[in-house]
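> I am attaching a structure below and will ask some questions about it afterwards.
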Amino acid sequence: MSEMSVDCASILCAHPNSHFVPPLPNEDVLQQHALPRHPISLPERTLAFPGLSPKKLHQVSRMTTYIRRLLDHLGISPSETYIVDVGAGQGYLCRSLNSLLHCPNILALDSDADQSSGARARDQNFRSTDILHKTIHITPHSLLKAVDQWIPPNNNNAKVLLVALHACGSLTIDTLRAFIASQANNSRWSFIATIVVGCCYNLLNPTDFPLCKTIDFAAQASLTAPGNPLPPSAYHLAAQSPPQWSLPSFELSVRKVVWRALISPLLEGVRTEETRPFIPPSEYTSYVKERDTKTPLPRRNLQTISAPRPQINSVNGVGTPDTDIGDTGTSLAHQRLGRLPNSAYTSWKGFIDAVEERLGVSLGLDTTLAGESLPRYTSTSASSIPIGSSSSQQPTRLDSSPNDTDNANLKNINTHPSSQLAKSLAHLHITRCKLGPVIESVILKDRIAWVREELGLDLELEEGVSPVKLSESDDVDSSLGKQDLKQDKQPKWDASLVNLFDQAQGSPRNVAIVVVPGWLGVGALEKEREREVDDVEKEEKE
């Protein structure tokens, strides 16, 4: 394993709470394995849905446009298409498809009865009466069964489009499993394509990464040693998005991590209690209702709760054999501390007061040493800390014994937001954030490679782009009934990653897994869209 590999793996394991700061590589090294995230060109469509945030409007609008163009290229009228929205939530996409594309056959599936009930109420307000909302525990089997029960019995050739806009955790995988499993069925309906956008990697079932049997993408990107799993905190880092790093909310999020990390050694003696096991998102509502509690419990990943403290082995002089690098931010003490309000982070004294009140203990810190001015933690300020200087120091271990006067002074010096330790921890956390796009890219590459494996397609992918393309001289057939001449040259399906949304519009999870008939090809579909957008822009200029 190269030195770069050791650095990246160490960064993933070295949560700031551990006070272990390994040598940090430069940003170019971190980004070389990240997928490009610039969104595809699509004509923008204005939606008039009151109450929707700009982010959700952007997502629903572009997903609706993408579906419309896909159906056009498949030669299928929206009125003849059966659309299944998995994880439909409040039904915004369903209502957009119903009102703008005039799709009369829409099945909205969700595992949360409250979400389905709210969606029905909104349907009435928009007079969207063609949408059937159904609450089920979503698995590949139950999804296919729900579709089979929904399709009218007298319809023997129903064309079904499977979509999911931000399918939480393993719901993305289960949706794709249903699509793959349906290929073996000789039923009266069939899937014509699927478009799935995932999210919430921290809620993945532990068995759902990695999925690809032939390529270890995590090792390929130098995130782990071959055959080793990603550490639990990596799934949280995968949610990081570069366009968000310039926002004030990012500085606040870094402050939260650093300040909690500073007091982490002082929490080791805090009384803790056991937490519940992993609850899949699809079972969360029923779990809360069974407990008869009015306070919803946080959903956590099984790996996050049960994972032991990670180990770093000595390679190329980095770390020591079986070095315990400490708390990864998921200790029972931190879980008991829970989420503090943003107001708790406006001053160091206010933060310590909030922690002591929540835990019912005294940390014995002199908060006046922090001063009135707070340091700024930004993605650019972290780069001013020299690589290999403060970041390469050995971890600082604090003994919180109140009987040692010298140690109490050291505790106060190290444990405040302007200390060198705080700066090093901020640098570490921001560097870990910059690994987020690489981690998400690894997860996405693994998923698309797995889908292509299951569909019997070539795995030689370049940045997630499918090798199956129609040349620009080929005409895209506008009828499924006239594709016979192409079927002997193309596989049945084509699968690829498509940057459907714009991260700059507040959509960090902007990549869709798209599967279309092989005779069409995702690559050819993208070329057609680019030409369409160019034509629209020319018309506007004229």
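The values are calculated or read from the model by the stated rules, or taken from the named source; none is laboratory data. These figures come from a predicted structure and were not determined experimentally. No Cβ is skipped: glycine too gets one built from the backbone with ideal geometry, and neighbour counts run over all protein chains shown. Surface accessibility is based on the protein's heavy atoms, side chains included, excluding ligands, DNA and RNA. Shrake-Rupley method; radii C 1.70, N 1.55, O 1.52, S 1.80 Å.
> Quick one: would you say Ala239 is over 14 Å from Val438 (Cβ atoms) and part of a loop (DSSP other than H, G, I, E, B)?
Details: over 14 Å from Val438 (Cβ atoms): no; part of a loop (DSSP other than H, G, I, E, B): yes.
Considered against the rule, which asks whether it is over 14 Å from Val438 (Cβ atoms) and part of a loop (DSSP other than H, G, I, E, B), Ala239 comes out as no.
> Related question: Among Asp148, Asp174, which is touching a Pro at 6+ places or on another chain (Cβ under 7 Å) and among the acidic types (Asp, Glu)? First the steps, then the outcome.
Values: Asp148 fails: touching a Pro at 6+ places or on another chain (Cβ under 7 Å).
From the options Asp148, Asp174, the qualifying one is Asp174.
> Follow-up. It is to be established whether one or more residues within the range 254-271 are within 23 Å of the chain's Cα centre (by Cα) and of a type in the set (Gly, Ala, Ser). Lay out the reasoning, then the answer.
Here is the first cut: in the range 254-271, the residues within 23 Å of the chain's Cα centre (by Cα) are 254-258.
Among the residues that remain, those that are also of a type in the set (Gly, Ala, Ser) are: none.
No - not one qualifying residue is present in the range 254-271.
> If you don't mind, another one. Among the residues in the range 199-211, are any more than 19 Å from the chain's Cα centre (by Cα), open to solvent by 10 Å² or more (accessible area, probe 1.4 Å) and modelled with pLDDT under 90? Outline the logic, then answer.
Pass one, the range 199-211, residues more than 19 Å from the chain's Cα centre (by Cα): none.
There is no residue in the range 199-211 that is more than 19 Å from the chain's Cα centre (by Cα), open to solvent by 10 Å² or more (accessible area, probe 1.4 Å) and modelled with pLDDT under 90.
> Filter the range 72-113 for residues that are part of a helix (DSSP H, G or I) and charged (D, E, K, R) and give the result.
Here is the first cut: in the range 72-113, the residues part of a helix (DSSP H, G or I) are 72-74, 78-80, 92-100, 113.
Across the range 72-113, the qualifying residues are Asp72, Glu80, Arg95.
> Restricting to the range 133-157, name every residue that is open to solvent by 80 Å² or more (accessible area, probe 1.4 Å) and more than 23 Å from Leu70 (Cα to Cα).
Step one: list which residues in the range 133-157 are open to solvent by 80 Å² or more (accessible area, probe 1.4 Å), which gives 137, 141, 145, 149, 153-154, 156-157.
Answer for the range 133-157, where residues must be open to solvent by 80 Å² or more (accessible area, probe 1.4 Å) and more than 23 Å from Leu70 (Cα to Cα): His137, His141, Lys145, Gln149, Pro153, Asn154.
> Which number in (1) open to solvent by 20 Å² or more (accessible area, probe 1.4 Å); (2) in contact (Cβ under 8 Å) with a residue 24 or more places away in the chain marks the one condition that Leu97 misses?
Evaluating Leu97 over (1) open to solvent by 20 Å² or more (accessible area, probe 1.4 Å); (2) in contact (Cβ under 8 Å) with a residue 24 or more places away in the chain leaves (1) as the failure.
> Output the number of residues of the range 100-132 satisfying the condition of being under 21 Å from Val160 (Cα atoms) and open to solvent by 50 Å² or more (accessible area, probe 1.4 Å).
5
> A follow-up question, please. Got a sec? Which of Leu421, Leu459 is in contact with a helix residue (DSSP H, G or I) (Cβ under 6 Å, 6 or more places away or on another chain) and in a loop (DSSP other than H, G, I, E, B)?
Working: Leu421 fails: in a loop (DSSP other than H, G, I, E, B).
Among Leu421, Leu459, only Leu459 is in contact with a helix residue (DSSP H, G or I) (Cβ under 6 Å, 6 or more places away or on another chain) and in a loop (DSSP other than H, G, I, E, B).
> Could you give me the residue pairs with C-beta distances under 8 Å whose first residue belongs to the range 51-70 and is farther than 21 Å from Val514 by Cα and at pLDDT below 90, whose second residue is surrounded by 22 or more Cβ atoms within 10 Å (Cβ to Cβ) and of a type in the set (A, V, I, L, M, F, W, C) wherever it lies, and which are 6+ apart or on separate chains?
Leu52/Val60
> Being open to solvent by 30 Å² or more (accessible area, probe 1.4 Å), more than 21 Å from Asp148 (Cα to Cα) and not aliphatic (A, V, I, L, M) is the requirement here; does Glu44 meet it?
Numbers: open to solvent by 30 Å² or more (accessible area, probe 1.4 Å): yes; more than 21 Å from Asp148 (Cα to Cα): yes; not aliphatic (A, V, I, L, M): yes.
Judged against the criteria, Glu44 is a match.
> Another question about this same structure. Any chance the range 48-65 includes a residue that's in contact with a Phe, Trp or Tyr (Cβ under 6 Å, 6 or more places away or on another chain), of a type in the set (Val, Ile, Thr) and crowded, with 18+ Cβ neighbours inside 10 Å?
Yes, that holds for at least one residue.
> Still on this structure, please answer the following. Looking at Ala218, Ala181, can you tell me which residue is under 30 Å from Tyr82 (Cα atoms), small (Gly, Ala, Ser) and modelled with pLDDT of 90 or more? Walk me through how you get there before you give the answer.
Working: Ala218 fails: under 30 Å from Tyr82 (Cα atoms).
From the options Ala218, Ala181, the qualifying one is Ala181.
Results for (1) at negative phi; (2) buried (at least 17 other Cβ atoms within 10 Å of the Cβ); (3) at pLDDT 50 or above, shown as yes or no for each residue.
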residue	(1), (2), (3)
Glu463	no, no, no
Asp475	yes, no, no
Gln487	yes, no, no
Asp494	yes, yes, yes
Gly506	no, yes, yes
Asn510	yes, yes, yes
Val514	yes, yes, yes
